[in-house]
Amino acid sequence: MKRKLLTGNAAAAWGARLANVDYVPAFPITPQTEIIETLAGWFDEGALKGRFVTLDSEHSMVTAAASAAVTGVRVFSATSSQGLLYASEMLYAVSGYRVPWVLVNVSRGLSSPVTLEADHNDIFALRDSGFLQLHASTCQEALDMVLMAYQIAEDVRVRLPVIVNIDGFYLSFTREPVEIPDENKAREFIGEFDAHNISFRANVPLSHASAVLQGSIYSYFRYEHHLAAIQAISVFNESAEKFEKMFNRSYALIESYMADGADYVFIMIGSFATKAKEAVDMLREAGSLTGLLRLRMFRPFPEEEMKKLLKGKKAAAVIDQNLAPGKGGVIYTETAAALCNEKEAPFLISYIGGLGGRDITAEEFYEIEKEMRKAAETKKPPMARLLFSEAELEAVRKLQGIAGVEKKNEQRKN
Amino acid sequence: MSKEKIKKMRDIPFERLLASGTAMCAGCGALEALHQIYDILGKNTVFVNAAGCMTLLSVYPFTPFRGSWLYTSMASAPAAAQGIRDALDILIEKKRIKPKDNMQVVVLAGDGSSYGMGLSAASAAIERNLDFIYICYDNEGYGNTGQQYSDATPHAARTSTSKSLTGFQYYKKDIFAIWAAHKPAYAATIIGSDPLDLAKKVEKAKNMKGAKLILALSPCPTGWTFHSNETVKIGKLAVETGIWPLKEYADGKIVHTKIPRERKPVEEYLKIQGRFKHLFEPQRNDKLIAEIQNEVDKYWGHYNH
Ligand SMILES: Cc1ncc(C[n+]2csc(CCOP(=O)(O)OP(=O)(O)O)c2C)c(N)n1
Ligand code: SF4
Ligand SMILES: [Mg+2]
């Protein structure tokens, strides 16, 4: 084991290296590119043995990744935002190949307008793709989740590909101290790649991903896929237990920070949860019983765990770093669905924040805490909130002035 | 000594490796070519399929192939070929499988995929000199979805999306030239109605390393509207009229493998297909027929035959 200052990107690349991956099909996109450049370098210098190849697009990249996995090698790849969506036809298709491999997505807002900064609309657009999803909130977790992802993906009960999500800029380009596990221990943790009953070999013919012509056959395979995905909950827990024994870091499906015994909780995902932790510390100091629940696994959705952790809470604020236009926050919706038959469910309030990397300030967390209290007292939760300050609005108005928005409106009227 | 063993008709293997009873239409020209190709390539192959008519060859739990098959998507079959080839190479290098477990990777894609949506992936694969065979069965339209026009549809042909009296406005894209411009290991046009020419070319491709194209004009009774017993006749006419030049590219040179000494008028090919019926009925459209003839004459004019 050694300790090093690593960016989230480098940490994710280390995860792939320690997993001893055979094959990395790639395509560049900011803020992910450092991952594939790092891996390309390791293949060049022989630290990794196998192949690195740049495809013509992410659509091709995902196809090559999955086809190599069907042939029987351990595969890693990475992408972000537009790339993830460009590949989306294949992400849906190849999760049904039922072969394990790991894809890192470095979250970045989707166009339009085009941006390089982080939010989760890219990764949540793929929430129903059939890939499992793990979300890191620190650089250390970026590495550790990649390792755990291989173990979960390759488990016979699961056999599904996994996306590990890290936030663009906030993690991808931020250096944090990271413990790099010992190579041999990492190999012992994951084990040799075992293709099980899916591989292409001469004299062992295999027809894979063939067409089906009946709803019942189709449904059977889709149900199998779903049930396998759900198995990943207990497989994650087993993997986390093994991980803790070997590496001394413990990971739960949902990270609970001061949430035990709290009356109010923030519910979040990704790196911005570290901002919430600071706010929780301050609120606790001020005497508020507030905590944080941070989803580490999003697919499968850890429904039972969520219900258990929210039981008896007075109010919960889901802060979504994504926006489904015309609906609202994705995590809010999924959490609400999980709670709909619960007797002791808290009031649930929806907040949208952090789009395109927009900061969420300490003051906003304090304000949210106030609204949770009020909701519990009045038994009337407020309508969904879009976080935005007056200062920001003023700044945008100035830019609109430069862009001549007012003038154009005038001209149109005349 | 050359590796090629097929010189005469009787040298062609006739094992009928590809099983019958598939869901293809009677008289399918693509299946006609595939039967012959498969007899030469053999069962140590993995076919990577792009969405199209041939996707229905392997319908769960059946397959006519003795070897392997992977269905991908309309645009990315060549990328799957890359993934499989790379993975097999890695497994052999790392001694996780034996060299005898190796297989030839073969893309099977239609014209809609090959001339259009899948071209980026194919171009990149050729550029990397991927060791694979690319079979494009060209039925000159999006057959599986009901024969709409594609980039491969010929001038004046009537399709589900070009139903006017003048048919398809534009001209067929020259995918062979696009492949040749990439300087692949090999590229050839074939047709199911010329088994010897087909067999020689497929055998050649089989014995070469690198990217190889086998481009098969595939008369399609359903999409072109002709009787299913006329597939061979139409295929022969495509060659005899000069509409479908049989040729190959290797070592930077294009060579015609069959030169029609006296080219038959294109009319003979056109008039027996429903998709060109509007050129003859209710009134003869001399202008369009001449446009088609001119294109063919212009092509062969370049070669001074
Ligand atoms: C991305 C995508 N768009 C559209 C389709 C629908 N589709 C399926 S097969 C097909 C036609 C393919 O044409 P071609 O490659 O010429 O093969 P053919 O059907 O003629 O055998 C189309 C458009 C698809 N499967 N995928
Ligand atoms: S539509 Fe044409 S290409 Fe498709 S199966 Fe029928 S005959 Fe063959
Ligand atoms: Mg076609």
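The values are calculated or read from the model by the stated rules, or taken from the named source; none is laboratory data. Keep in mind that what you see is a predicted model, and the values were worked out from it rather than measured. Heads up, the Cβs are rebuilt from the backbone with ideal geometry, glycines too, and the neighbour counts pull from every protein chain shown. Just the protein is used for accessible areas: all its heavy atoms, side chains included, with ligands, DNA and RNA removed. Shrake-Rupley method; radii C 1.70, N 1.55, O 1.52, S 1.80 Å.
Which is farthest toward the positive dipole end of segment A:254-389 among A:366, A:347, A:258, measuring Cα position about the Cα centre, with Cβ charges +1 (Lys, Arg) and -1 (Asp, Glu)? Result: A:347.
Heavy atoms only, probe 1.4 Å: what % of the accessible area of segment A:218-313 goes to carbon and sulfur, would you let me know? About 50 percent, which is the carbon plus sulfur part of the accessible surface. Each Lys and Arg adds +1 at its Cβ and each Asp and Glu adds -1 at its Cβ; summed about the Cα centre, chain A shows a dipole of about 620 debye. Distance check, please: which entries in B:95/B:212; B:5/B:258; A:277/A:379; B:43/B:95; A:245/A:311 exceed 21 angstrom between their Cα atoms? Beyond 21 Å between Cα atoms: B:95/B:212; A:277/A:379; B:43/B:95; A:245/A:311. Compare A:332, A:366, A:170 in a GNM of chain A, Cα atoms joined below 10 Å, and give the one with the largest fluctuation. Greatest mean-square fluctuation among the candidates belongs to A:366. Heavy-atom accessible area buried between chains A and B is around 3100 Å² (1.4 Å probe, both sides summed). Think of each Lys and Arg Cβ as +1 and each Asp and Glu Cβ as -1; about the Cα centre, that makes the dipole of the protein assembly as shown roughly 1900 debye.
When shorter helices are ignored and each DSSP H run of at least 4 residues is given -39500 (n - 2.57), the per-residue value for the protein assembly as shown at 222 nm works out to -12000 deg cm²/dmol.
Here the accessible area is traced with a 1.4 Å probe on the protein chains. For chain B, carbon and sulfur cover 54 percent of it.
Dipole of chain B computed with +1 at Lys/Arg Cβ and -1 at Asp/Glu Cβ about the Cα centre; of B:9, B:211, B:97, farthest Cα towards the positive end is B:97. Among A:245, B:100, the order of accessible area from largest down is A:245, B:100, computed with a 1.4 Å probe on protein heavy atoms. For segment A:28-118, rounded, prolate or oblate, judged on the Cα gyration tensor with a ≥ b ≥ c (square roots of eigenvalues), a/c < 1.5 rounded, else prolate if a/b > b/c? Cα axes put segment A:28-118 in the oblate bin.
Segment A:1-43 and segment B:242-285 have Cα centres separated by 54 Å. The separation of segment A:332-406 from segment A:51-79, counted between C-alpha centres, amounts to 39 Å. Orientation-averaged projection of chain B equals 16.1 nm² [convex hull of Cα atoms, one quarter of hull surface area]. Residues A:201, A:412, A:127 ordered from highest to lowest accessible area at a 1.4 Å probe: A:412, A:127, A:201.
Whole-percent P(r), segment B:69-219, all Cα pairs, 5 Å bins from 0: 2, 9, 17, 20, 19, 14, 9, 5, 3, 1, 1, 0, 0. What does the charge count near residue B:279 come to, summing +1 for each Lys or Arg and -1 for each Asp or Glu among other residues with Cβ under 13 Å from its Cβ? Once all neighbours under 13 Å are counted, the net charge is +1. The Cα atoms of segment A:1-75 cover 36, 27, 18 Å along the three principal axes, with the biggest extent listed first.
Dividing the convex hull volume of the alpha carbon atoms of chain A by its residue count gives 183 Å³ per residue. Qualifying GluC sites (Glu not before Pro) in segment A:317-386, where qualification requires a DSSP coil assignment and no more than 15 other C-beta atoms within 10 Å, comprise A:342, A:344.
Residue A:48 contributes about 0 Å² of solvent-accessible surface, heavy atoms of the protein only, 1.4 Å probe. Computed with a 1.4 Å probe on the full set of protein chains, the accessible area for residue B:66 sits at about 110 Å².
Across A:158, A:318, A:396, mean-square fluctuation computed from a Gaussian network of chain A (C-alpha pairs under 10 Å connected) peaks at A:396. Annotation: peptides B:174-185, B:109-120, ranked by per-residue average of other Cβ atoms within 10 Å with the highest first, follow the order B:109-120, B:174-185.
Pick out which of A:93, A:395, A:149 has the largest mean-square fluctuation in a Gaussian network model of chain A, springs linking Cα atoms closer than 10 Å. Result: A:395 has the largest fluctuation of those listed.
Straight-line cross-link reach from residue A:307 at under 17 Å between alpha-carbon atoms covers these lysines, not counting any fewer than eight positions away in the same chain: A:343. The residues neighbouring residue A:33, those whose beta-carbon lies less than 13 Å from its own, together hold a net charge of -2 under the Lys/Arg +1, Asp/Glu -1 convention.
The charge dipole of segment A:254-389, taken about the Cα centre with unit charges on the Cβ atoms of Lys, Arg (+1) and Asp, Glu (-1), comes to about 320 debye, rounded to the nearest 20.
From the alpha carbon centroid of segment A:290-306 to that of segment A:246-262 is 11 Å. Around residue A:110, what is the net charge, scoring Lys/Arg as +1 and Asp/Glu as -1 over all other residues with Cβ under 9 Å from its Cβ? That sum, taken over residues with Cβ under 9 Å, equals -1.
Using alpha carbons only, the radius of gyration of segment A:254-389 set against its Kirkwood radius gives Rg/Rh = 0.92. The Kirkwood hydrodynamic radius of segment A:313-381, based on inverse pair distances between different Cα atoms, is 12.7 Å.
Between their Cα atoms, which of B:163/B:264; B:201/B:253; B:8/B:204 are more than 24 Å away from each other? Where the Cα-Cα span goes over 24 Å, the pairs concerned are B:163/B:264.
Can you tell me how segment B:56-146 classifies by the Cα gyration tensor, rounded, prolate or oblate, using a/c under 1.5 as the rounded cut?
Verdict is oblate for segment B:56-146.
Here, the protein assembly as shown is characterised by an Rg to Rh ratio of 1.06, where Rg is the alpha-carbon radius of gyration and Rh the Kirkwood radius.
Using heavy atoms of the protein chains and a probe of 1.4 Å, the accessible area assigned to residue B:65 is about 10 Å². Based on the alpha-carbon gyration tensor of segment A:120-225 and its eigenvalue square roots a ≥ b ≥ c, which shape applies: rounded if a/c is under 1.5, prolate if not and a/b is larger than b/c, or oblate? Taking the square roots of the gyration eigenvalues as a ≥ b ≥ c, segment A:120-225 is oblate. In segment B:15-302, taking the dipole from charged Cβ atoms about the Cα centre, the farthest positive-side position among B:53, B:132, B:20 is held by B:132. Diagonalising the gyration tensor over the Cα atoms of segment B:94-180 and scaling each eigenvalue by 5 before taking the square root yields semi-axes of 34, 14, 8 Å, largest first.
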